[in-house]
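Encoded as structure tokens, the structure appears first; notes follow it.
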Amino acid sequence: MQSATKSTKKIATAALLSALAIIFGYIEFLIPISVAAPGIKLGVANIVIVIALYKLGWKWALPVNVVRVLLSALLFGSVFSALYSLAGAILSFIVMTLLKKTNLFSIVGVSMAGGVAHNVGQLIVACLAMETTNVLYYYPVLLVSGLATGIGIGIIATLVLNKFKTKPIKQD
């Protein structure tokens, strides 16, 4: 019985995190950022993904991530934005999951690597879709933006996760 309750809580938490990630994605959609390279975003929805990875584990965080990308693309994007976002999200998630498992990196370090991997995933799709490697000229700008946003997301996720540790949720 206790495992059923634990599973129900994880399902509810994953659903809430998915909804929160979609809301963050929508807020970011409303505030366009025009910078040096196309596709650069703050990625605030990724705060939720990092929190899910550390709070629920990869098996629960992966569906949160996929649901966020697919529903956000359906609601605010297109098929192309779904492809770019999904490629970035999956590569980023794999990198973050592997680095987290090593226990060698902080949450900020894992998030930073995820930010860079997300941009690499999107560049790979861009090269394939456009059938050219010319888009790789954006890599230096995307590297810096991935590092910067990854650090910011990691710091915020760390602060939130630390609040979970100091204020435990009451168990029934």
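Computed values, structure above
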| read-out | value |
| --- | --- |
| Residue within the range 77-92 that is over 20 Å from CYS127 (Cα atoms) and in a helix (DSSP H, G or I) present | no |
| Residue check for VAL50: out of contact with any Cys (no Cβ under 6 Å at 6 or more places or on another chain), surrounded by fewer than 16 Cβ atoms within 10 Å (Cβ to Cβ) and of a type in the set (A, V, I, L, M, F, W, C) | no |
| Identity of the residue in the range 126-144, of a type in the set (A, V, I, L, M), touching a residue at least 24 places away in the same chain (Cβ under 8 Å) and buried (at least 19 other Cβ atoms within 10 Å of the Cβ), that ends up farthest from ILE156 (Cα to Cα) | ALA126 |
| Check on LYS41, of a type outside the set (A, V, I, L, M) and closer than 25 Å to LYS9 by Cβ | no |
| Filter result for ALA126 (of a type outside the set (Phe, Trp, Tyr), within 17 Å of the chain's Cα centre (by Cα) and at pLDDT 90 or above) | no |
| Hey, SER78 within 22 Å of ILE27 (Cβ to Cβ), of a type in the set (S, T, N, Q) and crowded, with 18+ Cβ neighbours inside 10 Å or not | no |
| Filter pass, ASN162 being at pLDDT below 95 and crowded, with 20+ Cβ neighbours inside 10 Å | no |
| Check on VAL110, over 22 Å from VAL79 (Cα atoms) and in contact with a Lys or Arg (Cβ under 6 Å, 6 or more places away or on another chain) | yes |
| Matching entry among ILE51, ILE40 (being part of a helix (DSSP H, G or I) and of a type in the set (Val, Ile, Thr)) | ILE51 |
| Qualifying residue in the range 19-27 (condition: crowded, with 22+ Cβ neighbours inside 10 Å, small (Gly, Ala, Ser) and at pLDDT 90 or above) | yes |
| Matching entry among GLY115, GLY39 (being crowded, with 21+ Cβ neighbours inside 10 Å, touching a Leu at 6+ places or on another chain (Cβ under 9 Å) and either closer than 27 Å to LEU136 by Cα or modelled with pLDDT of 95 or more (or both)) | GLY115 |
| Any chance GLY25 is in contact with a helix residue (DSSP H, G or I) (Cβ under 8 Å, 6 or more places away or on another chain), in a helix (DSSP H, G or I), closer than 24 Å to THR102 by Cα and not polar (S, T, N, Q) | no |
| Residue list for the range 100-121, restricted to those being part of a helix (DSSP H, G or I) and more than 20 Å from PRO63 (Cβ to Cβ) | THR102, ILE107, VAL108, GLY109, MET112, ALA113, GLY115, VAL116, ASN119, VAL120 |
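The values are calculated or read from the model by the stated rules, or taken from the named source; none is laboratory data. In this text the structure is predicted, and so the values were computed from the model without any measurement. Neighbour counts run over all protein chains shown; Cβ positions are idealised from the backbone, glycine included.
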